[in-house]
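The values are calculated or read from the model by the stated rules, or taken from the named source; none is laboratory data. Just so it is clear, the structure is predicted and the values come from calculations on it, not from any experiment. Neighbour counts run over all protein chains shown; Cβ positions are idealised from the backbone, glycine included. Side chains included, ligands, DNA and RNA excluded: accessible areas come from the protein's heavy atoms. Shrake-Rupley method; radii C 1.70, N 1.55, O 1.52, S 1.80 Å.
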Amino acid sequence: MSNNNEGKDLVVGVTEESTSDMALAEDLKSGTQNVLKYASLLTLTVQNAALGLTMRMARTQKDLFIASTAVVIAEFVKLVTCLIMVFIEEGSFKRWRTSLLNIVIKQPLDTLKVSVPSLVYTLQNNLIYIGATHLDAATCQVTYQLKILTTALFSVAMLNKKLFMLQWVALFFLFIGVAFVQFAQANTTQINPAGREQSPFFGFLAIFTACCLSGFAGVYFEKILKGSDISVWMRNVQLSTFSIPIGLATTFLSSYSEVQERGFFFGYTMLTWFVILLQALGGLLVAVVVKYADNILKGFATSLAIVLSCIVSVYAFQFHLTGQFALGAGLVIMSIFLYSKPASAHKKTNGQEIGKRTYEMKI
C-alpha cells in the first residue's frame, strides 16, 4: 500500500515538474516573440525614415551624383546579397551552382518573366531619386504612401482581390491627405539647401509615377511568386540579372555625356554609399524582420517614420511645418491604420471576403 502511494506521489511530482517546464518554455517563447516584435518595429521605423532622410541629404550635396549610377550599384549589391542568401539556402557550392544553372540559365522563359518588373523597378528607383531632389524628406515620405493606393487598385484589377468598405474609405483619406500635403508645399521655396532650383510639382509627379510603377510591379511580382515554388531570393537574382543591364542602358541613354565628362562615380561621398547600401540592403533587412510584424505593427512603423522624418526635416532641412501639412500627414497616418486593420475588424464593416493585403515583395 505504501509503495502504491509513493508511486502516485512520484507521478504527481513528475507531472507538476513537466507542467512547470512547459509553462517556463511558453513564457520564454512569448518573451522572445515580444522582443522580436518590438525589434521589428524599431528596424522598420528606422529603415523607412533613414532612407528618405539620407537620400534627401545626398541629393542636396554640393556635387550632385548621377542618380542612375546609384541605381545600378544598388542592384549589383542586391545581386551579390541574394546570391549569398541562395548559397546559404542550398548549403553547398555544388548545389548552389546547380540551382542557379537550372533556374536562371536553363529556364529562359521563366527568367524572362521577371524582365517586366526589372524594367519597372529600375524606372521606379530612378524616379524616387528625382523626387528626393525636388521634395523635402517629409513631403516625399508622405507622398510615397500613395503606393498603398496604387497597390490596392492593381491587386483588385490583376488578382481579383476584394476590398472592404473600410479599406476603400482608408484609401480615400490617403488620397485627400496627400493632396493636403502637396497643396501645403505649393508655395515653398524653389531653392534647395545646396542652392539649386527645385520644383515641388515635378517632384510630386516623379513620386506619383514611382508609386504607380511600385503598385504594378509589386502585384505582378506577387503573381509570379504564387505561380511557382522558386524562392524570393532566387527571384531577386533573376530580377537583378535584368535590372543591372537595364540600369546601365538607362545611365548611358540619359546621362552619357555627363558620365563621359565627369566619370561614373562623380559626386560619390560616404553619404552616397550609405544611401546605396541602405536602399539595397534595407529591403533585405525588412524581408527578414517583417515575418515578426503584423499589419498593424507595419502601419505603426510607417507612421512613426513619417513623424520622425518631419521632426528631423525641421532641424536638418529648415522644413516649415504648417497646419495644412500636419492635417494631411495626420490623414495619411490614419488611413494607414484603417487599411492595415485585421480582417476580423473589417468583417464587422462589410461582409465581403478579402485577400491578404498585397505588399511589395521586391527586396
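Return the subset of Lys94/Lys223; Lys226/Lys341; Lys147/Lys341 for which the Cα-Cα distance in this structure is over 28 Å, preserving the input order.
On the way: Lys94/Lys223 30 Å; Lys226/Lys341 24 Å; Lys147/Lys341 17 Å.
Distance filter (> 28 Å) returns Lys94/Lys223.
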Ordering of 104-111, 243-250, 130-137 by packing [mean C-beta count within 10 Å, highest first]: 130-137, 243-250, 104-111
Volume of the Cα convex hull of region 90-200, divided per residue and given in Å³: 187
Note, ³J(HN,Hα) from phi for region 233-239, Karplus 6.51, -1.76, 1.60, rounded to Hz, x at Gly and Pro: 5, 5, 4, 6, 5, 4, 4
³J(HN,Hα), Karplus 6.51/-1.76/1.60, whole Hz, each residue of region 133-143, x for Gly, Pro: 6, 10, 10, 5, 4, 5, 5, 4, 4, 5, 4
Region 82-94 - phi-based ³J(HN,Hα) in whole Hz, Karplus 6.51/-1.76/1.60, Gly and Pro as x: 5, 4, 5, 5, 5, 4, 5, 5, 6, x, 8, 5, 5
Other-chain or far-sequence residues with amide H under 5 Å of Ile230's (modelled H): none
Alpha-carbon spread of region 209-261, three principal axes, descending order, Å: 46, 24, 11
Accessible surface, 1.4 Å probe, highest first, among residues Met55, Met165, Met158, Met270: Met270, Met165, Met158, Met55
